[in-house]
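Below is one structure; the comments refer to it alone.
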């Protein structure tokens, strides 16, 4: 009996100690180099002449206009794309219909098309010589070089984030919980509110955060369609580029630090929510 | 409630799941739909529940045509094969769901809901698990909670899809007896789908043997064992039970 080797399950999935140390260090160093260092550099450069100078650079009419515009765009684009993404994911994950494969590819389109191309195509559609240009100018509506254009560009670029997060989760969960709700007498809306939505809330939250980060940070598509009119159509990323090109590096980096801080804030919110609902989260994931 | 299935047929795109089938289920009976996978038994059960619409034919509840009635209005308690418990709700919330989903005018007060949930937890012999989540329960416990949830709304008929399929043999025997007791206590017309002839024969008053979208034979368990009417039924019941 004694010569039967003891089977220890841990050995199957665990690497030797040196290998583990090497792998972990590589990851840590890469993370520090690729993710942390640039972020730290932005904040260091912003605060080069002190916090006062940095704040002063942010306290200009143009800077405030850019901050307001960026927040406005994300406040409109994110809920809109959350709702559309939820509807698209619901349709794809829970129903079978013709053209489903085409719809899935279409949702991915903004990921594969360069944002600059997206911005250009919007100019082609809505510009003064574009398809809808004549109609728009006849009705005194401005899209290109105006806020609606920036909004359209942002909507296009951030379209996939919510749907992409939700589709795998919804497909995996299947329809049976929803069918159960219906057999128990729930109306469609009650079922959606009490079963469908709570079951995907973490994926939805994550999708919304990614969508928000991109909506605030989008450069390429917005750069093309906004016309970069200072104080009117410059979002934060556009203004950062303009300031940088004008060698106003403290102002540029202060604005960049603020944009990064907004992104970090959303990340913090997510972690906070996950931490507060840790029990429920664990329960729903293990099921 | 007695149920009549009148020439129900169902086809999906290119495949025929059910050829026109007819079956009369007397009030208060416990009936099993027995057959191998792909025989159309689950499709038939889902049509009775209103989760699936038949291509043609009618479902009659107590003589009244129920074919066009929505799943909510049919008030058929359904126990899903995978139980389909609401994973983000506690056992209590799961069982109370059907009562809370009612419009305000017919919704019981929360004290009444609590009384009913407590009573159901006693009925399934699981008092004291009300605050747990489905992920914290064993397979057998989940199955019983799913049963309690279906019973909470006082359904007119109880429908179960392979209710014991995912459980080990010992738990299965226990739960079979439990289901029979609950059926006898409530007198609820009960239809369950199974591929296990032992389960069908030992539990039900009436068995409908199905194959390839057709009902091959309907009868009492003794009838079907003694006088199989088709080759398929003879072969099917001669197979040793797979337990």
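The values are calculated or read from the model by the stated rules, or taken from the named source; none is laboratory data. Given the structure is predicted, the values throughout are model-derived calculations rather than measurements. Every residue, glycine among them, receives a Cβ derived from its backbone with ideal geometry; neighbour counts consider all protein chains shown.
Condition test on residue B:102, is it over 23 Å from the mean Cα position of the chain (by Cα) and outside any strand (DSSP E or B)?
Values: over 23 Å from the mean Cα position of the chain (by Cα): no; outside any strand (DSSP E or B): yes.
Judged against the criteria, residue B:102 is not a match.
For the stretch B:17-64, enumerate the residues that are assigned to a strand (DSSP E or B), more than 14 Å from the chain's Cα centre (by Cα) and over 14 Å from residue B:215 (Cβ atoms). Within the stretch B:17-64, B:56, B:58, B:59, B:60, B:61, B:64 meet the criteria.
Within the group B:101, B:96, which residue is within 25 Å of residue A:201 (Cα to Cα), more than 8 Å from chain A (Cβ to nearest Cβ), surrounded by 14 or more Cβ atoms within 10 Å (Cβ to Cβ) and touching a helix residue (DSSP H, G or I) at 6+ places or on another chain (Cβ under 7 Å)? Of B:101, B:96, the one residue that is within 25 Å of residue A:201 (Cα to Cα), more than 8 Å from chain A (Cβ to nearest Cβ), surrounded by 14 or more Cβ atoms within 10 Å (Cβ to Cβ) and touching a helix residue (DSSP H, G or I) at 6+ places or on another chain (Cβ under 7 Å) is B:96.
Suppose we filter A:101, A:87, A:83 for residues that are assigned to a helix (DSSP H, G or I), under 21 Å from residue A:170 (Cα atoms) and at pLDDT below 90; which single one remains? Spell out the reasoning first.
Working: A:87 fails: at pLDDT below 90; A:83 fails: at pLDDT below 90.
After applying the criteria, what remains is A:101.
Of the residues B:152, B:166, which is within 14 Å of chain A (Cβ to nearest Cβ) and modelled with pLDDT under 90? Only one candidate passes the filter, namely B:166. The single condition among (1) within 28 Å of residue B:217 (Cα to Cα); (2) not assigned by the TED database to the domain that holds residue B:212 that residue B:15 does not meet is (2).
A single entry from A:147, A:143 fulfils the requirement of being surrounded by fewer than 19 Cβ atoms within 10 Å (Cβ to Cβ) and either away from chain B (no Cβ under 14 Å) or at negative phi (or both): A:147. When residue A:75 is tested against the conditions (1) in contact with a helix residue (DSSP H, G or I) (Cβ under 7 Å, 6 or more places away or on another chain); (2) surrounded by fewer than 17 Cβ atoms within 10 Å (Cβ to Cβ); (3) outside any loop (DSSP other than H, G, I, E, B), the lone failure is (1). Would you confirm whether or not the stretch B:66-74 contains a residue that is over 21 Å from residue B:160 (Cβ atoms), away from chain A (no Cβ under 14 Å) and more than 19 Å from the chain's Cα centre (by Cα)? Yes, the conditions are met somewhere in the stretch B:66-74. A residue that is surrounded by fewer than 17 Cβ atoms within 10 Å (Cβ to Cβ), under 30 Å from residue A:204 (Cβ atoms) and in contact (Cβ under 8 Å) with a residue 40 or more places away in the chain can be found somewhere in the stretch A:113-132. It is to be established whether one or more residues within the stretch A:243-264 are over 20 Å from residue A:38 (Cβ atoms), away from chain B (no Cβ under 14 Å) and assigned to a helix (DSSP H, G or I). No; the residues of the stretch A:243-264 include none that is over 20 Å from residue A:38 (Cβ atoms), away from chain B (no Cβ under 14 Å) and assigned to a helix (DSSP H, G or I).
Which residue out of A:170, A:191 is farther than 26 Å from residue A:74 by Cβ and either touching a strand residue (DSSP E or B) at 6+ places or on another chain (Cβ under 9 Å) or within 14 Å of chain B (Cβ to nearest Cβ) (or both)? Step through it out loud before you land on a result.
On the way: A:170 fails: farther than 26 Å from residue A:74 by Cβ.
A:191 is the lone residue from the list that is farther than 26 Å from residue A:74 by Cβ and either touching a strand residue (DSSP E or B) at 6+ places or on another chain (Cβ under 9 Å) or within 14 Å of chain B (Cβ to nearest Cβ) (or both).
Against the definition (within 14 Å of another protein chain (Cβ to nearest Cβ), in a loop (DSSP other than H, G, I, E, B), at pLDDT 95 or above and crowded, with 19+ Cβ neighbours inside 10 Å), how does residue B:85 come out, yes or no? So residue B:85 passes the test. Do the conditions hold for residue A:49, that is, is it surrounded by 12 or more Cβ atoms within 10 Å (Cβ to Cβ), modelled with pLDDT under 95 and over 30 Å from residue A:148 (Cβ atoms)? Yes; evaluated as a whole, the condition is true for this residue.
Does any residue of the stretch B:13-33 turn out to be within 14 Å of chain A (Cβ to nearest Cβ), closer than 19 Å to residue B:158 by Cα and out of contact with any strand residue (DSSP E or B) (no Cβ under 6 Å at 6 or more places or on another chain)? Break it down into steps so the answer makes sense when it comes.
At the first step, the residues of the stretch B:13-33 found to be within 14 Å of chain A (Cβ to nearest Cβ) are B:13-15.
In the following step, the residues that additionally are closer than 19 Å to residue B:158 by Cα were identified as none.
No, the stretch B:13-33 has no match at all.
The single condition among (1) out of contact with any helix residue (DSSP H, G or I) (no Cβ under 7 Å at 6 or more places or on another chain); (2) crowded, with 22+ Cβ neighbours inside 10 Å; (3) assigned to a loop (DSSP other than H, G, I, E, B) that residue B:150 does not satisfy is (3). Count of the stretch B:191-243 residues, restricted to those that are closer than 18 Å to residue B:19 by Cβ, in contact with a strand residue (DSSP E or B) (Cβ under 9 Å, 6 or more places away or on another chain) and in a strand (DSSP E or B), is 9. Summed over the stretch B:156-171, residues that are in contact (Cβ under 8 Å) with a residue 60 or more places away in the chain, out of contact with any helix residue (DSSP H, G or I) (no Cβ under 7 Å at 6 or more places or on another chain) and surrounded by fewer than 23 Cβ atoms within 10 Å (Cβ to Cβ) total 5.
Table: residues versus (1) under 26 Å from residue A:107 (Cα atoms); (2) more than 14 Å from chain B (Cβ to nearest Cβ); (3) assigned to a loop (DSSP other than H, G, I, E, B).
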site	(1), (2), (3)
A:202	yes, no, no
A:206	yes, yes, no
A:211	yes, yes, no
A:222	yes, yes, no
A:237	yes, yes, no
A:240	no, yes, no
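Starting from residues that are within 14 Å of another protein chain (Cβ to nearest Cβ) and loosely packed, with under 13 Cβ neighbours inside 10 Å, keep the ones in the stretch B:104-140 and report whichever is farthest from residue A:187 (Cα to Cα). Among those that are within 14 Å of another protein chain (Cβ to nearest Cβ) and loosely packed, with under 13 Cβ neighbours inside 10 Å, it is B:138.
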